[in-house]
């Protein structure tokens with residue numbers, strides 16, 4: 001059974017409360033339920049981790065890689081635009097990763113329009129809301 005880790009960065013735990021006009025009113029728990037249901041249909045095991053701390057995300061990438069995770073779905077939030085450390089951690093994992101952004105980063109503030117971490121990913125999905133995570137899951141499973 002394929003094992004995929006879903007990693008979320010800062011402020012993703014505030015989904016449903018933070019800027020609902022941009023991110024909607026659904027919560028991180030709602031997203032996890034949606035993904036678990038889809039993963040079950042696909043015969044995939046998911047794990048979830050959220051942290052506002054860059055080092056904790058780096059440590060989790062390393063630990064999951066050492067435990068044999070097959071792939072990553074990542075939304076590093078603001079760290080996507082700034083973190084060489086997260087990019088390097090994903091690159092060193094040598095596992096396929098898809099970066100997801102709920103909003104369309106190309107239509108946001110100038111400083112959000114470039115992702116530093118996307119270069120270590122096989123794809124980036126931006127502006128599709130929660131369905132973007134389902135697309136990422138299908139991309140990684142190959143269906």
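Could you grab me the full set of residues in the stretch 62-71 that are touching a residue at least 12 places away in the same chain (Cβ under 8 Å) and outside any helix (DSSP H, G or I)?
68, 69, 70, 71
Does the stretch 25-45 include one or more residues that are touching a helix residue (DSSP H, G or I) at 6+ places or on another chain (Cβ under 6 Å) and at pLDDT below 95?
Scanning the stretch 25-45, I find at least one residue that is touching a helix residue (DSSP H, G or I) at 6+ places or on another chain (Cβ under 6 Å) and at pLDDT below 95, so the answer is yes.
Please find, within the stretch 112-134, the residue that is surrounded by the most Cβ atoms within 10 Å (Cβ to Cβ) out of those that are out of contact with any strand residue (DSSP E or B) (no Cβ under 8 Å at 6 or more places or on another chain), touching a residue at least 24 places away in the same chain (Cβ under 8 Å) and not in a loop (DSSP other than H, G, I, E, B).
134
Among the numbered conditions (1) under 14 Å from residue 124 (Cα atoms); (2) outside any strand (DSSP E or B); (3) within 13 Å of the chain's Cα centre (by Cα), tell me where residue 74 comes up short.
Residue 74 satisfies every listed condition except (2).
Only one residue in 137, 46, 57 is in a strand (DSSP E or B), more than 19 Å from residue 24 (Cα to Cα) and within 14 Å of the chain's Cα centre (by Cα). Which one?
46
Of 78, 91, which residue is touching a helix residue (DSSP H, G or I) at 6+ places or on another chain (Cβ under 9 Å), more than 23 Å from residue 139 (Cα to Cα) and either surrounded by 19 or more Cβ atoms within 10 Å (Cβ to Cβ) or in contact (Cβ under 8 Å) with a residue 12 or more places away in the chain (or both)?
The conditions single out 78.
The values are calculated or read from the model by the stated rules, or taken from the named source; none is laboratory data. Note that this is a predicted model, so its numbers are computed, not measured. Cβ: placed from backbone, ideal geometry, glycine included. Neighbour counts: every protein chain shown.
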